1. Pairs of alpha-carbon atoms within less than 8 angstrom and 6+ residues apart define the contacts here; what relative contact order does the stretch 120-270 have, in percent?
2. To the nearest Å, what is the center-to-center distance of the stretch 169-228 and the stretch 49-66, using C-alpha atoms only?
3. Between TRP5 and ALA111, what FRET efficiency follows from the Cβ-Cβ distance if R0 is 25 Å, with the result rounded to 0.05?
4. Report the residue, chosen from LEU254, LEU69, LEU159, that carries the largest GNM mean-square fluctuation when the chain is represented by alpha-carbon nodes joined by springs under 10 Å.
5. If you take every DSSP beta bridge fully contained in the stretch 1-136, what fraction is antiparallel? Give it as a percent rounded to 5.
6. Using Cα pairs under 8 angstrom and six or more residues apart, how large is the relative contact order of the stretch 20-104, in percent?
7. Of PRO232, PRO196, PRO94, which has the largest mean-square fluctuation in a 10 Å C-alpha GNM of the chain?
8. For LEU87, LEU138, what ranking results if the residue with the fewest other Cβ atoms within 10 Å of its Cβ goes first?
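Readers should treat all values here as calculations from the given coordinates under stated rules, not as data from a laboratory. If you're wondering where the values come from, they're calculated on a predicted model, not measured in any experiment. Methodologically, a virtual Cβ is constructed for each residue, glycine included, from the backbone with ideal geometry; neighbour enumeration extends over all protein chains shown.
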Amino acid sequence: MQSLWGMSRLGPGDEPPVEAQVARLHEAGFDGAGVRCMDRGFVARAAAALAARGLAWQAQCLPRAAEELAPMLDLAGEFGAAEVNLLAYLPPAPAAAHAGVIARWLEEAAARGLRLLLETHRGTATNGVAETLALLDLLPGLRLTADLSHLLVGGGIKLPLSAEAAPRLRRILAHADALHLRVGTSEQVQVPPLWPSSAPWRDAFGGWWREVLERRAAGGGTTVALVELGPPPFAPTGPDGAELSDRWADALALRDLARGIWNDIRETGT
């Protein structure tokens with residue numbers, strides 16, 4: 001899938017309508033889109049455009065208080081999201097407090113027949129590896145969307161992985177049922193994946209994605225792998241504010257990398 005947010009500001013001029021964005025990602029060979037689930041009118045238009053082309057969508061929900069998720073879930077259910085991806089933008093608090101709110105959200109999603117995955121993301125309840133593991137201790141059945149670039153920056157995790165970091169990261173991967181595709185480093189949440197300087201990190205991310213996809217393939221589950229390369233300030237820019245790489249070409253490259261891993265797993269079983 002391709003994030004609609006990740007298609008913003010891809011070129012000069014006015015933003016194209018969501019219908020044109022859906023047409024572009026469909027023509028490029030994506031299977032669906034990530035849709036921010038906040039504005040009803042936008043969700044309705046995006047969902048209609050995707051359905052008309054036989055494409056699925058992952059709901060992107062960004063609540064900042066316990067009571068904010070329910071109306072987002074209602075939109076996701078009404079317009080047929082394949083699953084819900086949750087970014088828990090909760091005020092700083094001990095893991096136990098966050099776990100209580102997340103448990104409530106899981107119940108609200110289940111009551112609507114929706115599958116909810118908690119995304120690993122800076123500035124949320126899963127700010128880094130330590131925070132994410134603390135939540136997993138309290139909610140052992142919690143399933144995740146692994147956006148690993150945020151964990152690297154949040155924890156300052158470097159390559160090669162230390163003897164301490166490797167098993168901690170792999171425990172998180174074992175709870176991941178979806179992926180958000182972006183390459184980052186220990187210092188930058190998003191780097192151009194095709195640059196030679198990014199090669200060690202691109203290879204590492206590919207290996208981590210393979211771990212998740214192998215497990216998911218063995219279990220027969222459907223796995224959303226959503227390309228989510230954000231516009232500036234996510235994307236690196238030069239002194240004139242222009243992006244330093246072609247973000248759409250980068251998105252297609254990440255799509256092809258993940259799809260190649262998936263096809264290899266299906267063909268060889270490894």
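1. About 21 percent, as a whole number.
2. Between the Cα centres of the stretch 169-228 and the stretch 49-66 lies a distance of 21 Å.
3. Result of the calculation: an efficiency of 0.35.
4. LEU159
5. Of all bridge pairs located within the stretch 1-136, approximately 0 percent are antiparallel.
6. Relative contact order for the stretch 20-104 comes out at 27 percent.
7. It is PRO196.
8. Fewest-to-most Cβ neighbours within 10 Å comes out as LEU138, LEU87.
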